[in-house]
Amino acid sequence: MTMTAAPRATGSAAWADALLLSFAQAGYIKAEPDILQPAEPFLDLSGEDIRKSLYLTTDPGGEELCLRPDLTIPVARDYLASPGAGQPMGFCYLGPVFRYRGGRPSEFLQAGIESFGRADRAAADAEMLALALEATAAFGLTDVEIRTGDVALFNALIEALDLYPVWRRRLIKDFNRKVSLTEDIERLTLKTAPGRNEYEGVLAALAGSDRKAALALVTDLMSIAGTTNVGGRTVAEIADRFLEQSTLKGGALPRDALSTIKRFLAIAGDPNEAVAQLRALAADAKLDLTAAIDQFESRVGLMAKRGIDIGKTRFSTSFGRGLDYYTGFEFELHGKDNGTEPLVAGGRYDGLMTQLGSATPIPAVGFSIWVESLTQAGRQPAASGSAS
């Protein structure tokens with residue numbers, strides 16, 4: 001039995017099929033991943049918070065499965081299982097995804113592109129944004145708001161500041177999940193009050209550790225105790241809490257680091273002007289951010305070569321899409337006055353393939369089109385063809 005999304009009745013699918021055909025003509029292979037997927041990759045890569053929006057079931061062998069909530073991870077898994085894994089390949093897709101959205105249909109159409117294995121990262125990034133803009137233009141939206149960011153710049157800054165591993169991880173996690181960085185870095189500059197803690201020995205053992213070491217230690221301790229959770233908290237959650245306590249006990253975030261992070265997060269506006277501001281910050285703070293800034297500048301130049309109006313592109317160092325697996329360029333296309341929900345969104349996620357089991361890193365970048373939102377924001381074109 002074929003499962004179809006409700007928006008097909010509105011004409012959305014006719015437009016999306018035509019768009020998919022144009023992607024295929026540009027060299028992207030049509031992907032059709034299974035609707036039923038292992039739940040673990042989504043929970044691991046998007047965080048346990050996504051659990052409340054998943055449609056979950058368990059097979060007779062005890063494996064937790066879900067209806068796919070998006071198509072990026074399923075397309076990536078199929079690519080890794082194919083003979084072409086590791087080689088440059090591009091895929092396009094159109095299909096239903098399933099996610100609880102509180103009052104809105106839980107089944108809806110998603111279209112998009114994923115590009116794997118390309119070593120020319122800046123060029124691939126620029127191509128993704130250009131194709132995303134073609135998608136909105138094809139539906140009559142030529143004046144969209146382009147919001148861009150680059151988590152690789154923030155990661156490079158945090159790495160160059162030579163902070164404790166747990167500080168680095170926590171600040172990057174806050175950035176990726178759109179948590180208030182300002183509140184967190186302010187708190188990390190405050191010395192904790194002296195006093196005893198019943199887990200003093202554990203905190204001392206974790207001083208300066210990374211998450212992998214903390215997870216191993218807590219797992220061992222809980223195994224000895226014969227339990228897998230305490231008060232409903234998982235081993236990972238407990239390890240994260242111990243790391244936080246150990247870090248705060250170990251001292252304050254240096255004031256100069258706080259000042260540098262704040263200055264970095266204030267950079268926004270024209271991408272070319274942002275390049276100059278980033279180089280000035282790096283020079284003033286005596287930090288080596290050259291590789292990340294060069295990659296950013298190269299991407300901006302390649303975007304311009306593809307006809308993208310850089311002057312109408314808004315860049316912000318604090319922009320993030322709220323997902324842990326992004327590693328570089330991120331973007332969203334918004335219609336005028338359409339609120340916070342994007343019409344198209346995507347970015348670079350070079351770490352995903354190793355997280356899904358690849359023995360070697362594989363570059364990856366792509367975007368998803370929210371067909372329902374684009375249908376509502378644009379005109380209803382007559383179908384010019386359909387994907388095979």
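The values are calculated or read from the model by the stated rules, or taken from the named source; none is laboratory data. Quick caveat: nothing in here was measured; it's all calculated off a predicted structure. Cβ placement follows ideal geometry from the backbone for every residue including glycine, while neighbour counts extend to all protein chains displayed. Surface areas here come from the heavy atoms of the whole protein model, side chains and all, with no ligands, DNA or RNA. Shrake-Rupley method; radii C 1.70, N 1.55, O 1.52, S 1.80 Å.
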Next item on the list: Determine which single condition LEU281 fails, assuming it passes every other condition in (1) crowded, with 17+ Cβ neighbours inside 10 Å; (2) in contact (Cβ under 8 Å) with a residue 24 or more places away in the chain; (3) over 30 Å from ASP44 (Cα atoms).
Entry: (2)
Note to self: Looking only at residues that are open to solvent by 30 Å² or more (accessible area, probe 1.4 Å) and in contact with a strand residue (DSSP E or B) (Cβ under 9 Å, 6 or more places away or on another chain) in the range 142-165, which one is nearest to ALA14 (Cα to Cα)?
What the structure shows: GLU145
Next item on the list: Taking ASP350 as the residue in question, decide whether it is closer than 26 Å to ALA138 by Cα, surrounded by fewer than 22 Cβ atoms within 10 Å (Cβ to Cβ) and either under 16 Å from the mean Cα position of the chain (by Cα) or acidic (Asp, Glu) (or both).
Entry: no
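So that you can scan it fast, the table gives a plain yes or no per residue for (1) without any contact (Cβ under 8 Å) to a residue 40 or more places away in the chain; (2) more than 19 Å from the chain's Cα centre (by Cα):
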| site | (1), (2) |
| --- | --- |
| ARG51 | yes, no |
| GLY62 | yes, yes |
| ARG68 | yes, no |
| LEU71 | no, no |
| SER106 | no, yes |
| LEU109 | no, yes |
| MET128 | no, no |
Item checked: Long-range neighbours under 6 Å by Cβ, at least six apart or interchain, first residue of a type in the set (Val, Ile, Thr) within the range 247-276, second modelled with pLDDT of 90 or more -> THR260/ALA285; ILE267/ALA274; ILE267/GLN277; ILE267/THR317; VAL275/GLU297
Notebook entry, point to check: Do we find a residue being surrounded by fewer than 12 Cβ atoms within 10 Å (Cβ to Cβ) and part of a helix (DSSP H, G or I) anywhere in the range 22-32?
Noted result: yes
Notebook entry, point to check: Among the numbered criteria (1) surrounded by fewer than 19 Cβ atoms within 10 Å (Cβ to Cβ); (2) more than 14 Å from GLY149 (Cβ to Cβ); (3) in contact (Cβ under 8 Å) with a residue 12 or more places away in the chain, which single criterion is violated by VAL344?
Noted result: (1)
Next item on the list: Assess whether GLN376 counts as being in a helix (DSSP H, G or I), modelled with pLDDT under 90 and among the polar types (S, T, N, Q).
Entry: yes
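With the condition kept exactly as written, say whether any residue in the range 37-46 is of a type in the set (S, T, N, Q), open to solvent by less than 60 Å² (accessible area, probe 1.4 Å) and modelled with pLDDT of 90 or more.
Going residue by residue through the range 37-46, those that are of a type in the set (S, T, N, Q) are 37, 46.
Those still in the list that are open to solvent by less than 60 Å² (accessible area, probe 1.4 Å) too: 37, 46.
Narrowing the set further to residues that are modelled with pLDDT of 90 or more leaves 37.
For the range 37-46, residues of a type in the set (S, T, N, Q), open to solvent by less than 60 Å² (accessible area, probe 1.4 Å) and modelled with pLDDT of 90 or more: present.
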Checklist line | All positions within the range 95-136 that are part of a strand (DSSP E or B) and among the aliphatic types (A, V, I, L, M) | finding: VAL97, LEU109, ALA111, ILE113
Notebook entry, point to check: If a residue has to be crowded, with 18+ Cβ neighbours inside 10 Å and part of a helix (DSSP H, G or I) to count, how many in the range 51-76 make the cut?
Noted result: 5
Notebook entry, point to check: Is it true that some residue in the range 310-324 is part of a helix (DSSP H, G or I), out of contact with any strand residue (DSSP E or B) (no Cβ under 7 Å at 6 or more places or on another chain) and in contact (Cβ under 8 Å) with a residue 60 or more places away in the chain?
Noted result: no
Notebook entry, point to check: Considering the range 77-97 alone, what residues qualify as being in contact (Cβ under 8 Å) with a residue 60 or more places away in the chain and either aromatic (Phe, Trp, Tyr) or open to solvent by 50 Å² or more (accessible area, probe 1.4 Å) (or both)?
Noted result: ARG77, MET89, PHE91, TYR93
